[in-house]
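In what follows, a structure is listed as structure tokens, so that the remarks can point back to it.
The values are calculated or read from the model by the stated rules, or taken from the named source; none is laboratory data. These numbers were taken from a predicted model, which means no experiment stands behind them. In this analysis, Cβ positions are derived from the backbone assuming ideal geometry, glycine residues included, and neighbour counts consider all displayed protein chains. To get the accessible areas, we keep the full protein, side chains included, count just its heavy atoms, and leave off ligands, DNA and RNA. Shrake-Rupley method; radii C 1.70, N 1.55, O 1.52, S 1.80 Å.
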Amino acid sequence: VQLQAFGGGLVQAGGSLRLSCAASGNIFRRNEMGWYRQAPGKQRELVATIRSSGSTNYADSVKGRFTISRDNAENTASLQMNNLKPEDTAVYYCNLRGLYSGISYWGKGTLVTVSS
């Protein structure tokens, strides 16, 4: 399984960005796709996940500002990030995890920088 992430960049506080992730290869039918982030000097943390069933999970810090969505037919997941804050600055990583196997795959990170 390969994950390719798109989007990211530099934006001013209050602005918006959209991240997209495309999965290819032997993808588990029942899976969870998500975004995690890692800020300098901090551990990687969950941002948002979405299962193939459509159920979602968000970190408290992004609830109401970020929206995750997916297209099961295309094996893609997107993260719409609105009202960005400087503390959202991090490298964002796409993840795909098989719900039965627990096997997890990671894409290369994409940098999001929010200036104040």
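Round to the nearest 10 and report in Å² the accessible area of residue 11, as given by a 1.4 Å probe over the protein chains' heavy atoms.
So the heavy atoms of residue 11 present about 20 Å² to solvent.
Report the gain in length on full extension from residue 6 to residue 30: 0.36 nm times residue separation, minus Cα-Cα distance, nm rounded to one decimal. Don't skip to the answer; put the middle values down first.
On the way: separation 24, 0.36 × 24 = 8.64 nm, distance 2.32 nm.
Between residue 6 and residue 30, full extension yields an extra 6.3 nm.
From the phi of every residue in region 28-41, what ³J(HN,Hα) in whole Hz does the Karplus formula 6.51 cos²θ - 1.76 cosθ + 1.60 yield, where θ is phi - 60° and glycine or proline is x?
Coupling constants for region 28-41: 4, 5, 9, 9, 10, 10, x, 10, 10, 9, 9, 8, x, x Hz.
Quick check for me: using +1 on Lys/Arg Cβ and -1 on Asp/Glu Cβ, what's the dipole size of the chain about its Cα centre, in debye to the nearest 20? Walk me through the intermediate numbers first.
Values: 13 positive and 7 negative charges, 29 e Å.
That gives the chain a dipole magnitude of about 140 debye.
What residue among 50, 27, 68 has the largest mean-square fluctuation in a Gaussian network model of the chain, using Cα springs under 10 Å?
Top of the fluctuation ranking is 27.
If the convex hull of the alpha-carbon atoms of the chain is projected onto planes in all directions, what is the mean projected area in square nanometres? Before the final figure, lay out the partial values.
Values: hull surface 26.5 nm².
Mean projected area for the chain: 6.6 nm², to one decimal.
State, to one decimal in nm, how far the label point of residue 13 lies from the label point of residue 69, with both points 7 Å from Cα in the Cβ direction.
2.9
For the chain, which whole percent of the accessible surface, found with a 1.4 angstrom probe, sits on carbon and sulfur atoms? Walk me through the numbers on the way to the answer.
Numbers: 2870 of 6330 Å².
So the carbon and sulfur contribution to the accessible surface is 45 percent.
Test of understanding: what is the full-extension gain from residue 61 to residue 85, defined as 0.36 nm times their sequence separation minus their Cα-Cα distance?
Values: separation 24, 0.36 × 24 = 8.64 nm, distance 1.03 nm.
Gain in length upon complete extension: 7.6 nm.
Please compute the length gained on full extension between residue 46 and residue 116, using 0.36 nm multiplied by the number of residues separating them and subtracting their Cα-Cα distance. Mind showing how you got there, number by number?
Details: separation 70, 0.36 × 70 = 25.20 nm, distance 2.31 nm.
In short, 22.9 nm is gained.
For residue 42, go through the aspartates and glutamates and keep the ones whose alpha-carbon is under 15 Å away, minus same-chain ones fewer than eight residues off.
Straight-distance partners of residue 42: 87, 88.
Measuring with a 1.4 Å probe in the full set of protein chains, what accessible area per residue, in whole Å², belongs to region 1-77?
Values: 4430 Å² over 77 residues.
The answer is 58 Å² per residue.
FRET efficiency for residue 39 and residue 100, Cβ-Cβ distance as r, R0 = 25 Å, nearest 0.05? Each step should come with its number before you reach the end.
Numbers: r = 32 Å, r/R0 = 1.27.
After rounding to 0.05, the efficiency reads 0.20.
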